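Read through the structure below, which is laid out as structure tokens, and then see the notes.
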Amino acid sequence: MELTLEAWRVLCELQDKGVVKKIGVSNTYDVRILEMLEKTGGRGAQIVQNRWYEGNGFDKEVVNYCKERDIQYQSFWTLTGSPGLLGSPDVTSLCEQKRVTPAQMLYRLVQYWGIVPLAGSTNEEHMQDGVEAEQIQLAAEEIPRGLSSMVWGTRVH
């Protein structure tokens, strides 16, 4: 952990000098590490990049920690790691209503929930789909409760 703190302090110094705009961490699934960086390292992360997927329960604890502290949460493995969401009847229904692909709808839902999805594609069509997802109009009442519950449990974001 000492090496992590040392690296974090260097990032803080670089930010203070204006060399970097925002600093953050990746693959940090334990809120205690984020708290330690803030308390011991000089300042908190401004960005967290984590795998957001079914296998880690959609990283609820870290996502909520970030939301409470206005830290940008960036998800990766959003599509690949969420086949249950992509194929769910609720997502399929929304796709039909909005005339979009399941990938676009999942990206838009994630954005709606305050997460910035990162796309790791080299396929131009897939990249365009990701960019266009932000334009999908989506209101709270359009998101089925079962879908929010599937991701967030009883708490609806």
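The values are calculated or read from the model by the stated rules, or taken from the named source; none is laboratory data. Given the structure is predicted, the values throughout are model-derived calculations rather than measurements. Every residue, glycine among them, receives a Cβ derived from its backbone with ideal geometry; neighbour counts consider all protein chains shown. Protein only, heavy atoms only, side chains kept; ligands, DNA and RNA dropped before computing areas. Shrake-Rupley method; radii C 1.70, N 1.55, O 1.52, S 1.80 Å.
Note that segment 76-157 presents 57 Å² accessible area per residue, ligands and nucleic acids not counted, probe 1.4 Å. This model, with +1 at the C-beta of Lys and Arg and -1 at the C-beta of Asp and Glu, gives segment 95-144 a dipole about its Cα centre of some 100 debye.
May I ask you to order 105-113, 60-68, 72-80 by the average number of other C-beta atoms within 10 Å around their residues, highest value first? All intermediate terms of the calculation are to be shown ahead of the outcome.
Working: 105-113: 21.4, 60-68: 17.1, 72-80: 19.7.
Per-residue Cβ counts within 10 Å, averaged per peptide and sorted highest first, yield 105-113, 72-80, 60-68.
Lys/Arg Cβ at +1, Asp/Glu Cβ at -1, dipole of segment 87-157 taken about the Cα centre: which of P89, S148, H126 is farthest positive-ward? Looking along the dipole axis, the top candidate is S148. Taking Cα atoms only, the orientation of helix 102-112 departs from the longest principal axis of the chain by about 50 degrees. Looking at segment 3-81, the pairs of alpha carbons with a distance over 21 Å make up 28% of the total. On segment 62-146, 48 percent of the accessible area sits on carbon and sulfur atoms, based on a 1.4 Å probe. Computed from Cα positions, the angle between helix 124-133 and the longest principal axis of the chain comes to roughly 90 degrees.
Out of all Cα-Cα pairs in the chain, roughly what percent, to the nearest whole number, are more than 28 Å apart? Don't jump to the answer; show the numbers that get you there.
Working: 3342 of 12246 pairs.
Tail of P(r) above 28 Å: 27 percent of Cα pairs.
Extending 7 Å from Cα along the Cβ direction at W152 and again at K39 yields two label points whose distance is 2.8 nm. Which of the aspartates and glutamates could a cross-linker bridge to K39, judged by Cα under 14 Å and excluding same-chain residues fewer than eight apart? Of all the aspartates and glutamates, those that pass the test against K39 - Cα under 14 Å, at least 8 places apart if same chain - are E2, E6. Using +1 at the Cβ of each Lys and Arg and -1 at the Cβ of each Asp and Glu in the chain, identify which of G41, T78, I136 lies farthest towards the dipole's positive end. Comparing the listed Cα positions along the dipole, G41 ranks first.
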